[in-house]
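Visitor: What follows is a structure written as structure tokens; I'll ask about it next.
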Amino acid sequence: ITYNPGFLKLFDEIVSNSVDEHKRNPKLNEISVNINKETGWISIRDNGGIPVEIHKEYNEWVPEMIFSNLKTGSNFDDSEDRTVVGTNGVGSTLTNIFSTEFKIETCDTKKRFVQTFSNNMSVKTIPKVTKIKTKGYTEISWLTDFSRFELPGIDEASYKMIEKRLYDIAACNMGIKIYLNDTLISFKSFSQYAEMYTDNVLYEQSQNWKIGIGHSTVGFKAISFVNSVETKDGGTHVNNISWQIVNALRDMI
């Protein structure tokens, strides 16, 4: 299929925020994605909440800072072991920039925050904050500026790639319930996900690794992930495993 990776990146930046927050707070265990192919609107809702408060240093609402300011991430310390996706604090803001409309709605169980941006983040409404007692949630909705990607809208290929991405996230994060247009995507194990590619998978699992090995009819292929992100070009983690297998087989042969 032919698809636009830039358009998919906008989706991935928002959904990755929810996945990262799940790793920090396991109580966030549900992500619902709704895609309207006719209107082009996409929304991602999770059952976590962003603190609805004014940042002490920058005197700005925290939800507004996260989604409309570059370099506001929290993953800059390279001395830490990183298990999350985000690295440089620009992703979700770029989704806002490349959208004709972008809406933030979040609740931290005490206050609800709503704000809308438009015209590639050049126009914004005054944040509406109301007191409310309910379960925490965050919902981000946006309408991509499709002209920037030379796309007429959400085509079938783009939809399928988003669907595949959600399958990947569900397989890599067993603690999250993933919904796409109200349909649950889930796996009992990572090996069940691996068997979607090939039958008779040999499977091994340790604290930090989940590895499935199967037969290929077209030479060596690898589907791999690090911190829930597909590493489609492989890497040293793939080489590490394949070399061990080859060396062991060479000795046996």
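Visitor: Hey, which aspartates and glutamates would be in cross-link range of residue 131, C-alpha to C-alpha under 19 Å, not counting anything within fewer than 8 residues on its own chain?
Guide: Leaving aside aspartates and glutamates fewer than 8 places away in the same chain, those within reach of residue 131 are 53, 60, 64, 105, 108, 139.
Visitor: Using the alpha-carbon centroid of each, what span in Å lies between region 190-242 and region 1-63?
Guide: Using only Cα atoms, the two centres lie 27 Å from each other.
Visitor: Given [x] -0.46, -1.14, -1.27; [y] -0.40, -1.08, -1.22; [z] -0.41, -1.26, -1.45 as candidate values of log10 I(q)/I(0) by the Debye sum over Cα atoms at q = 0.09, 0.15, 0.16 Å⁻¹, which corresponds to the one derived from the coordinates?
Guide: [x]
Visitor: Would you work out which of 49, 14, 118 lies farthest towards the positive end of the dipole of the chain, given +1 charges on the beta-carbon of Lys and Arg and -1 on that of Asp and Glu, about the Cα centre?
Guide: 49
Visitor: Which residue, 224, 141, 16, tops the fluctuation ranking in a GNM of the chain built on C-alpha contacts under 10 Å?
Guide: Of the options given, 224 has the highest mean-square fluctuation.
Visitor: Report the extension gain between residue 38 and residue 247 in nm, rounded to one decimal, defined as 0.36 nm multiplied by the number of residues separating them, less their alpha carbon distance.
Guide: 70.0 nm
Visitor: Would you mind working out the magnitude of the charge dipole of region 194-235 relative to its Cα centre, with +1 at each Lys and Arg C-beta and -1 at each Asp and Glu C-beta, to the nearest 20 Debye?
Guide: Around 80 debye, computed over region 194-235.
Visitor: Could you work out the relative contact order of the chain? I mean the mean sequence separation of Cα pairs under 8 Å and 6+ apart, divided by the number of residues, in percent.
Guide: 18 percent
Visitor: Across region 135-253, how many lysine pairs separated by 8 or more positions, or lying on different chains, have Cα atoms within less than 16 Å?
Guide: The number of close lysine pairs in region 135-253 is 5.
Visitor: Would you work out which of 100, 63, 36 lies farthest towards the positive end of the dipole of the chain, given +1 charges on the beta-carbon of Lys and Arg and -1 on that of Asp and Glu, about the Cα centre?
Guide: The Cα lying farthest towards the positive end belongs to 63.
Visitor: Please name whichever of 1, 249, 140 sits farthest to the positive end of the charge dipole of the chain, dipole taken about the Cα centre and charges placed at Cβ: Lys and Arg +1, Asp and Glu -1.
Guide: Towards the positive end, the residue furthest out is 140.
Visitor: What accessible area per residue, rounded to a whole number of Å², is obtained for the chain using a probe radius of 1.4 Å?
Guide: For the chain, the per-residue accessible area is 60 Å².
Visitor: In whole percent, how big is the carbon plus sulfur part of the accessible area of the chain, probe 1.4 Å, protein atoms only?
Guide: Exposed carbon and sulfur together represent 51 percent of the surface.
Visitor: Which of the aspartates and glutamates could be linked to residue 9 by a straight reach, that is with a Cα gap under 13 Å, when you skip same-chain ones fewer than 8 residues away?
Guide: Straight-distance partners of residue 9: 230.
Visitor: With +1 on each Lys and Arg Cβ and -1 on each Asp and Glu Cβ, how big is the dipole of region 103-253 about its Cα centre, in debye rounded to the nearest 20?
Guide: The dipole of region 103-253 has a size of about 1000 debye.
Visitor: If R₀ is 22 angstrom, what is the calculated FRET efficiency for the pair residue 233 and residue 206, using the beta carbon separation as r and rounding to 0.05?
Guide: 0.40
The values are calculated or read from the model by the stated rules, or taken from the named source; none is laboratory data. Bear in mind that the values here come from a model prediction, so they are computed numbers and not experimental data. Positions of Cβ are backbone-derived with ideal geometry, glycine not excepted, and every protein chain shown enters the neighbour counts. The area values use the complete protein model at the heavy-atom level, side chains included, leaving out ligands, DNA and RNA. Shrake-Rupley method; radii C 1.70, N 1.55, O 1.52, S 1.80 Å.
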